[in-house]
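K.L.:
Can you keep this structure in mind? I'll have questions shortly.
The values are calculated or read from the model by the stated rules, or taken from the named source; none is laboratory data. Note that this is a predicted model, so its numbers are computed, not measured. Reconstructed Cβ throughout: ideal geometry from the backbone, glycine too, with neighbour counts over all protein chains shown. We work out accessible area using only protein heavy atoms, side chains counted, and drop any ligands, DNA or RNA first. Shrake-Rupley method; radii C 1.70, N 1.55, O 1.52, S 1.80 Å.
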Amino acid sequence: MFRTTRVPFGLCALLALLAAACGKEGSPPGKGPAADRLPHYQVAQGYALSASDTWKRAKRRGYFVVGAKEDQPYLGEKDPATGTYSGFDIEIAKMMSASLGFAPQTVRFRTIASANRETALQNGQIDYYVGTYTINANRKKLVGFAGPYYLAGQSLLVRRDEKHIHGPRDLDGKRVCSAAGSTPYQRIRTDYPKAVPVAYDTYSVCVDNLLTYQVDAVTTDDAILIGYAAKAPGELKVVGRPFSKEPYGIGVPHADSALRFALDDALEAREKNGDWKRAYEATLGLSGVRAPNPPAIDRYPAS
């Protein structure tokens, strides 16, 4: 396993390599959610959640601190020029803030790597986390999950000229890259032991290594890979069918069941009033994949 903490070659370099609209360092990606087409979320007035210590801390400071990803096109992406985050996960975080009584524009996003999500929630570095965070039994022992708000599936991203990789059974002897600490990385190690796993802190580094022929495939959830392929359709493609089910949840501190249940209520309400679909269409829907039906919310009891 290889890990790095260097500044990633990144999505801007990816787009420059593909002769896209990333002409100078720090310029924004050529494609992405248009700010003027994003939904506006009504803020709950007079809202209070006194049973949640997390909510009370946010109330005192005046905003939520939300963990997110910064290198996932149409899901969680940070503009290097402005520092602005955009994508479907970002919209989910904003509508949750509005439902809990805070204006969406007050949210302060903090990039947290996959391997550090539980620690960030446990240490109070963030109030909740929205960033392609798969709900599973092991993680439920460490943090709480609201949702799920989206159902993805693990898949494979390869170069457009790749002729031999069509699914996970074609990975024997192949260098397969994913994010350190992620569910997809663990699944490749466990279920496909003849593959050669490679791990970095971010998927953008994996994609850069794919384009420069240092790895043979990138694996993670299809929603993430679809975004990368949509950014560079002449160079990248997603192959095969998804080979897992990845329910994305909102991570919260383990002991704060009040916040978790409030977020469940907020998700249900935003799905019913159309905000969820509007957020999808303005972000992840730009990849050309139509909005699916949101998954059923799992309101598991407090531990």
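K.L.:
Please go through the stretch 173-206 and give me each residue that is under 22 Å from Glu118 (Cα atoms), assigned to a loop (DSSP other than H, G, I, E, B) and of a type outside the set (Gly, Ala, Ser), ordered by number.
P.N.:
Matches in the stretch 173-206: Asp201, Thr202.
K.L.:
From Val289, Val252, Val215, which residue is within 21 Å of Val158 (Cα to Cα), within 17 Å of the chain's Cα centre (by Cα) and either modelled with pLDDT of 95 or more or part of a loop (DSSP other than H, G, I, E, B) (or both)?
P.N.:
Val289
K.L.:
Then there is this: Which residues, counting only those in the stretch 218-239, are modelled with pLDDT under 90, open to solvent by 10 Å² or more (accessible area, probe 1.4 Å) and in a loop (DSSP other than H, G, I, E, B)?
P.N.:
Across the stretch 218-239, the qualifying residues are Pro233, Gly234.
K.L.:
If you don't mind, there's one more thing I want to ask. Only one of these conditions is not met by Lys141: (1) open to solvent by 10 Å² or more (accessible area, probe 1.4 Å); (2) within 19 Å of the chain's Cα centre (by Cα); (3) under 28 Å from Pro295 (Cβ atoms); (4) not β-branched (Val, Ile, Thr). Which number is it?
P.N.:
Going through (1) open to solvent by 10 Å² or more (accessible area, probe 1.4 Å); (2) within 19 Å of the chain's Cα centre (by Cα); (3) under 28 Å from Pro295 (Cβ atoms); (4) not β-branched (Val, Ile, Thr) one by one, Lys141 breaks only (2).
K.L.:
A follow-up question, please. Do you know which residues across the stretch 44-62 are of a type outside the set (S, T, N, Q) and under 23 Å from Tyr248 (Cα atoms)?
P.N.:
Filtering the stretch 44-62 for residues of a type outside the set (S, T, N, Q) gives 44, 46-49, 51, 53, 55-62.
Scanning the stretch 44-62 gives a single hit, Trp55.
K.L.:
Please go through (1) open to solvent by 20 Å² or more (accessible area, probe 1.4 Å); (2) in contact with a strand residue (DSSP E or B) (Cβ under 8 Å, 6 or more places away or on another chain); (3) of a type outside the set (A, V, I, L, M, F, W, C) for Asp191 and return the number of the only condition it doesn't satisfy.
P.N.:
(2)
K.L.:
Hey, another quick one. Can you pull out the residues in the stretch 103-137 that are in contact with a helix residue (DSSP H, G or I) (Cβ under 8 Å, 6 or more places away or on another chain), among the β-branched types (Val, Ile, Thr) and part of a strand (DSSP E or B)?
P.N.:
Scanning the stretch 103-137 gives a single hit, Thr134.
K.L.:
Residues in the stretch 59-102 that are outside any loop (DSSP other than H, G, I, E, B) and of a type in the set (Asp, Glu): how many? Break it down stepwise before answering.
P.N.:
Just the residues of the stretch 59-102 that are outside any loop (DSSP other than H, G, I, E, B), to begin with: 59-61, 65-68, 71-72, 76-78, 85-86, 88-99.
Add one more test, that the residue is of a type in the set (Asp, Glu), and what stays is 71, 77, 89, 91.
The total comes to 4.
K.L.:
Could you tell me which residue of the stretch 153-166 is nearest to Val215 (Cα to Cα), considering only residues that are in contact with a strand residue (DSSP E or B) (Cβ under 7 Å, 6 or more places away or on another chain) and open to solvent by 10 Å² or more (accessible area, probe 1.4 Å)? Break it down into steps so the answer makes sense when it comes.
P.N.:
Restricting attention to the stretch 153-166, the residues satisfying the condition of being in contact with a strand residue (DSSP E or B) (Cβ under 7 Å, 6 or more places away or on another chain) are 153-160, 165-166.
Next cut, open to solvent by 10 Å² or more (accessible area, probe 1.4 Å) only: 159-160, 166.
Details: Arg159: 10, Arg160: 14, His166: 15 Å.
Step by step, filter the stretch 153-166, then rank; the result is Arg159.
K.L.:
Can you spot a residue in the stretch 260-268 that is buried (at least 19 other Cβ atoms within 10 Å of the Cβ) and assigned to a loop (DSSP other than H, G, I, E, B)?
P.N.:
No, the stretch 260-268 contains no residue that is buried (at least 19 other Cβ atoms within 10 Å of the Cβ) and assigned to a loop (DSSP other than H, G, I, E, B).
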